[in-house]
Amino acid sequence: MIRPVALMLLSAVPACAATPVSPPVVEYRIAVSLEPKEKMLEGTEHLVWRNPSGDAVSELRFHLYLNAFKNNRTTFMRESGGQLRGDEAGNKPGDWGWIDVTSMKIAGGADLTAAGEFIQPDGNDPSDQTVLRVPLPSPVPPHGEIALDVAFRAKLPKIFARTGFVRDYFLVGQWYPKIGVYEPAGMRHRARGGWNCHAFHANSEFYADFGNFDVTMTVPSRFVVGATGKRVAETRQGDRTAYRYRQDNVHDFAWTADPRFVVVDFPFDPARDVPPEVAAKAAKELGLTEKEIALKPVACRLLLQPNHGAARERYVRSAKQGLVFYGLWFGAYPYETLTVVDPPDDGGGSGGMEYPTFITGGEAEPVLTRWPFERVRGVEIVTIHEFGHQYWYGMAGSNEFEESWLDEGLNTDSEYRSMALFYGPRDMAQLPGGVGMTSYAFAHDVYTRLPNLDPIDSCAWCFASDSSYAANSYMKVGLFMAQLKNDLGADVFARAQRAYFQEWSFRHPDTTDFFDTFERVSGRDLSTYRKNVVDGRARLDWQVVSARSVRADADYGVFDTGGKKATYDDGVLVPSGGKSAPRREEQDRPKTYATRVLFGNTGDWPHGAKARMVFTDGTVVERTLPAEARWVRFRIAYGSRLAWAAVDPDRQNPWDWNRLNDSRVLDTGKGAARTLGVRAFVKYSAFVAYLDALWTQILWALA
Ligand SMILES: [Zn+2]
């Protein structure tokens, strides 16, 4: 179905983010203490939940994420097999994690503790205890509210899948009883209101409502603590210290404690930290003034491992680059603080993760920050990516369970663009001699090695494999967004993406909302992208199927001349009876070549491409291969031979599947045709690299 597209002016891009919903759906006041030896948390939680719908809500649902790590029968452990993101779960008796709600009462009212029951809303693993359903004695009326007092005890797992402890380093995420999202009818295009509260799945991340957090963490005083939001109080009680943090308009809260953290404060000051040429570029693309996209100061803090000094400046620089790129292009970072946690070498499972105003880095182990590995920009990529989640999930609060592409994918695109902006064409790795790696080449490599079993838009646990989840949620979206950017033009794309962020800040958008905004701002029907690329798994593969160029000025064969039959070979009359006849044409006649080039799209996504044919005299012929064509054949009679033919010569189709078949080289010549050697070498090298990868796979298969 083609949806009607309203033609809107590009000036429809709001300069400021949507304001948070007020009063917020959730308000948490939590007091928690950490017993570092036992790896235990003991806490109380006062929760106010406001019914955002016109429905009377007769039960509440809570995530108890830590129960994913309770035993090997949970949904998470069954799906992950105890392995996630290259990390392995501990299976010693002290490695498991769990959470108990020891008491739940309506504030000043009924005790709900005994009524709670574990449910499996996704229909699997009856022993899974990551979702708690609590029936209420009387429903929360439409747009009414309920206040609860909850007590809980939790044992943290040995670090695995983002959270837990190693020695006395703690990264405390997904740790408190967290209410699910009650989605009113219409939100994310659902027909009827209802709870959206999934089990904790291996590949899935999270989804929650926006609100205000006020959290006090009490730990032994030797610990250095960092958390979501701003520290508002610090109280010493004997040998323990209570740290109180507050943050409004976020949907999660995480914290960390480690006695060895080196505290590095690095205030972000827009006057000093925004490169003027970058601000000018953003303003130009967005059609806004530099004043309209001005950024705000942020109190940034890095909690660094003592043996990671070599990564210190790289963390600081890349966090600021994140604040600059995302802030200028999408909207100023609205929070006062940003905390970057550097995990220890044995706590890598907690690295590369995002929470509101609080992120964890990675790739900072001493071996990775020394020659020659320091030339791979791991610290920068992870820091910019995790910072970027402040936007794609942190503020544009999509459902990470059901549509991981809207956070991981959009963020991958933004990460690639930031890296290219600040580090140039070899952004991922820069080796001596101009050799390096770009994010897009990496993404394309991952895409083409994929069996391509799934579409981009799928629930996180519905993908065929971990690698299918990863490629579809991250790299494929990076390529899709690059394709969209090339097709719409950088300015239109930038304006549409800013509009999407601004309109959906502190809200919960879905895939339809994404396309609606992009269609409205661009004035284009983008249904082919949704159908083929996001909801489908269509490939695009324009190629030069064949190319031929032969002399066509000379006659061959039998001709009737003056009532007699004469036979010609290469324009020369073949003598008969020993008598030579005059040539049909002079040998120095003007040359003509018959060139025939067949271009074809063997992919199943109808999308156009540019064709370029270069002749030996330097003449360049360009044609557009239309989206609806399966193949296009050109027959050209011209005075020079074809030197080479290529499809998508300017690499405007990041979605194109196979680049080895994009050109044919026949000859060399003048101007643009003087590249036979280079082109042949590049093609040969690419082919060798392809064979090498194939060979490696065969070896792996044998091993
Ligand atoms: Zn991510």
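The values are calculated or read from the model by the stated rules, or taken from the named source; none is laboratory data. Remember, it's a predicted structure, so these values are computed and weren't measured experimentally. Here Cβ is always computed from backbone atoms with ideal geometry, including for glycine, and neighbour counts include all displayed protein chains. Side chains are part of the model used for accessible areas, which takes the heavy atoms of the whole protein and leaves out ligands, DNA and RNA. Shrake-Rupley method; radii C 1.70, N 1.55, O 1.52, S 1.80 Å.
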Practice problem: Report Rg/Rh for the stretch 585-677, rounded to two decimals, where Rg is the Cα radius of gyration and Rh the Kirkwood radius. | Solution: 1.03
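Taking the Cα centre of the stretch 98-171 as origin, work out the dipole magnitude from +1 charges on Lys and Arg Cβ and -1 charges on Asp and Glu Cβ, in debye rounded to 20.
Details: 7 positive and 9 negative charges, 70 e Å.
Result for the stretch 98-171 is approximately 340 debye, rounded to the nearest 20.
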Exercise. State, to one decimal in nm, how far the label point of Thr512 lies from the label point of Thr44, with both points 7 Å from Cα in the Cβ direction.
Key: 4.5 nm
Quiz prompt | Magnitude of the charge dipole, the chain, Cβ model with Lys/Arg +1 and Asp/Glu -1, debye to 20 | solution = 2180 debye
Exercise. Just check the stretch 1-252 against the gyration tensor rule for me: Cα atoms, a ≥ b ≥ c as the square roots of the eigenvalues, rounded for a/c under 1.5, and otherwise prolate or oblate depending on whether a/b exceeds b/c.
Key: rounded
Practice problem: May I ask for the net charge around Val140, where only other residues with Cβ less than 10 Å from the Cβ of Val140 are counted and Lys, Arg are +1 while Asp, Glu are -1? | Solution: -2
Exercise. Work from the charge dipole of the chain (Cβ charges, +1 for Lys and Arg, -1 for Asp and Glu, about the Cα centre) and give the residue of Val477, Tyr326, Leu431 farthest towards its positive end.
Key: Leu431
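With +1 on each Lys and Arg Cβ and -1 on each Asp and Glu Cβ, and nothing else charged, work out how big the dipole of the stretch 160-263 is about its Cα centre, in Debye to the nearest 20. Numbers along the way, then the final one.
Values: 14 positive and 10 negative charges, 17 e Å.
The calculated dipole for the stretch 160-263 is roughly 80 debye.
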Exercise. Using only protein heavy atoms and a 1.4 Å probe, report how much of Glu336 is accessible, in Å² to the nearest 10.
Key: 110 Å²
Exercise. Could you work out how far the C-alpha centroid of the stretch 102-167 sits from that of the stretch 529-566, in angstrom?
Key: 68 Å
Self-check item: Pair Asp560, Phe681: separation of 7 Å Cα→Cβ label points (nm)
Solution: 5.7 nm
Practice problem: Give the span of the stretch 172-262's Cα atoms along each principal axis, as three whole-Å numbers ordered largest to smallest. | Solution: 54, 28, 21
Quiz item: What do you reckon, how do Trp461, Trp175 stack up by accessible area (1.4 Å probe), largest on top?
Solution: Trp461, Trp175
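Using R₀ = 25 Å, calculate the FRET efficiency as 1/(1 + (r/R₀)^6) where r is the Cβ-Cβ separation of Ala185 and Ser22; round to 0.05. Mind dumping the intermediate values first?
On the way: r = 21 Å, r/R0 = 0.86.
Working from the Cβ atoms, E equals 0.70.
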Quiz item: How do Ser467, Ser318, Ser458 stack up against each other in accessible area, from largest to smallest, with a 1.4 angstrom probe?
Solution: Ser467, Ser458, Ser318
Practice problem: At q = 0.09, 0.19 Å⁻¹, what is the base-10 log of I(q)/I(0) for the stretch 330-475 according to the Debye formula with one equal point scatterer per Cα and no solvent? Please give it to two decimals. | Solution: -0.30, -1.30
Self-check item: Listed residue (Pro157, Phe253, Leu406) projecting farthest to the positive dipole end of the chain, Cβ model
Solution: Leu406
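What is the sum of charges around Arg551, taking Lys and Arg as +1, Asp and Glu as -1, for the other residues whose C-beta is under 9 Å from the C-beta of Arg551? Don't jump to the answer; show the numbers that get you there.
Details: positive: Lys591, Arg641; negative: Asp553, Asp570.
My count for the surroundings of Arg551 gives 0.
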Quiz prompt | In Å², nearest 10: area of Lys591 left accessible to a 1.4 Å probe | solution = 110 Å²
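In a shell of Cβ-Cβ distance under 14 Å around Ser685, excluding Ser685 itself, what net charge do Lys and Arg (+1) and Asp and Glu (-1) give? Before the final figure, lay out the partial values.
Values: positive: Arg659, Arg679, Lys683; negative: Asp692.
Summing Lys and Arg as +1 and Asp and Glu as -1 gives +2.
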Exercise. Please name which of Ala31, Gly557, Ala299 has its Cα lying farthest along the dipole of the chain towards the positive end, using unit charges on Cβ (Lys, Arg +1; Asp, Glu -1) and the Cα centre as origin.
Key: Gly557
Quiz item: Summing -39500 (n - 2.57) over the DSSP H runs of n ≥ 4 in the chain and dividing by its residue number, what mean residue ellipticity at 222 nm do you reach, to the nearest 500 deg cm²/dmol?
Solution: -6500 deg cm²/dmol
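Given R₀ = 56 Å, FRET efficiency for Ala107-Asn486 by Cβ-Cβ distance, to 0.05? Show your work: numbers first, answer last.
Values: r = 55 Å, r/R0 = 0.98.
Efficiency at R0 = 56 Å is approximately 0.55.
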Quiz item: Which of the aspartates and glutamates could a cross-linker bridge to Lys230, judged by Cα under 12 Å and excluding same-chain residues fewer than eight apart?
Solution: Asp214, Asp248, Glu336
Quiz item: Tell me, how many Å apart are the Cα centres for the stretch 409-454 and for the stretch 225-260?
Solution: 36 Å
Quiz item: Ranked from the most accessible area to the least, with a 1.4 Å probe and all protein chains present, what is the order of Thr511, Thr369, Thr624?
Solution: Thr624, Thr369, Thr511
Quiz item: Which of the helices in the chain meet the span-like rule: DSSP H, Cα axial reach of 30 Å or more, Kyte-Doolittle mean at least 1.0?
Solution: 676-702
Quiz item: Can you pull the accessible area of Asp248 for me, 1.4 Å probe, Å² to the nearest 10?
Solution: 70 Å²
Practice problem: Report the FRET efficiency, 1/(1 + (r/R0)^6), for Cys462 and Val550, where r is their Cβ-Cβ distance and R0 is 51 Å, rounded to 0.05. | Solution: 0.40
Quiz prompt | Measure of compaction for the chain (Cα Rg per 2.2 N^0.38 Å) | solution = 1.16
